[in-house]
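The values are calculated or read from the model by the stated rules, or taken from the named source; none is laboratory data. Computed from a prediction, not measured in an experiment: that's the story for all the values here. Here Cβ is always computed from backbone atoms with ideal geometry, including for glycine, and neighbour counts include all displayed protein chains.
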Amino acid sequence: MSRVSINLVTWNGGRYIEDCLRSVFNQSYKDFSLIIIDNGSTDNTLELINERYPHLPIVKQKNNIGFARAHNLAIHWSKSEYVVCLNQDIVLEPDFLLKMVEFMDAHPLAGSATGKIYRLQEGEKTKYIDSLGLNIYQNFQVVDRETGAMDEGQFDSSEEIFGISGALPMYRKKALEEIVYQNQYFDEDFFSYKEDVDLAFRLRLSGWTAYCVPQAIVYHERGVGAAKERMKSRDIWRGRRYRSKFANYYSYRNHLFFLYKSFPKAKWFVYVRIVWYELIKLFYCLFFETRNLRAWSEFFHYRGKLKAKRILNIKNMKVSWEDITKWLK
């Protein structure tokens, strides 16, 4: 049994997959296993894997079952101490696993950790930050830390953070087992987008900590117009025009799911900034993204299930609400 399980979910990733797998097998730390789940790719992803790495077993799905479901399957199959959820558009530096395992071994209360994730643009490595984990704000907007910032040495210290982005998380399997619900680690109702935010919040509720380990370096493919962390509202709305309809819809819908799952009922109206921010988004959809209004019908459809999950979250809380709100910026 390997100490680290690397779970790679692929979907139409032909342009990325060779660089990604090459970086995995170039790791200086060798005590890992690799699980590949393909979510019904229709491009040359599988052909490239079979040609370059014919020995690798691949679990093939007929259709795209979503990020959450695919990674849940892989996590269930894993018996390793640590789990890495790998995206196909990631390139690892050779000592990434070594640095992460050393850190997690030295911090037994860390339920999750991430490395320093730089942007990879058109195959070129940059010094622009893609993610240093997650920040959560007073309005419960959750964004990647320092995304878009130029690294000039100011991000070289390990530090505790609110949570870990789904770009490349390492989880302690023991921590995941404590928050599993109906055999789900990631909430499969989310399908794709924001499931990493939901999981980060539940790990926090259960008393596990999260860290950024900047000595462990990776690169993540991003478009030229990738966002920055601190953007004005008008720039956020403009940026949505360059995202897919799929991404905009599920991001909006799943944030509603996350909000409803995350609050004790008595606390909801305390957060006026949350209500105000959600009203702004609703009015934006009324005028510019009417197709996304169906997210509300799905929200009410799932409300019963979400309520049951919220009750369980509150029941299993091992920290005070103040321990959570101290992370709000």
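Quick look at the numbers
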{"quantity": "Exclusive hit being surrounded by fewer than 21 Cβ atoms within 10 Å (Cβ to Cβ), more than 29 Å from Pro108 (Cβ to Cβ) and touching a residue at least 12 places away in the same chain (Cβ under 8 Å), set Gly148, Gly153", "calculated": "Gly148"}
{"quantity": "Selected residue [modelled with pLDDT under 95 and either crowded, with 19+ Cβ neighbours inside 10 Å or closer than 21 Å to Tyr185 by Cα (or both)] from Ser33, Ser5, Ser78", "calculated": "Ser78"}
{"quantity": "Test: Ser112 is crowded, with 19+ Cβ neighbours inside 10 Å, of a type in the set (Ser, Thr, Tyr) and at pLDDT below 95", "calculated": "no"}
{"quantity": "Residues (under 26 Å from Val272 (Cα atoms) and within 14 Å of the chain's Cα centre (by Cα)) located in the stretch 131-150", "calculated": "Gly133, Leu134, Asn135, Ile136, Val142, Val143, Asp144, Arg145"}
{"quantity": "Residues of the stretch 10-29 satisfying the condition of being part of a loop (DSSP other than H, G, I, E, B) and in contact (Cβ under 8 Å) with a residue 12 or more places away in the chain", "calculated": "Trp11, Asn12, Gly13, Gly14, Tyr16, Asn26, Gln27, Ser28, Tyr29"}
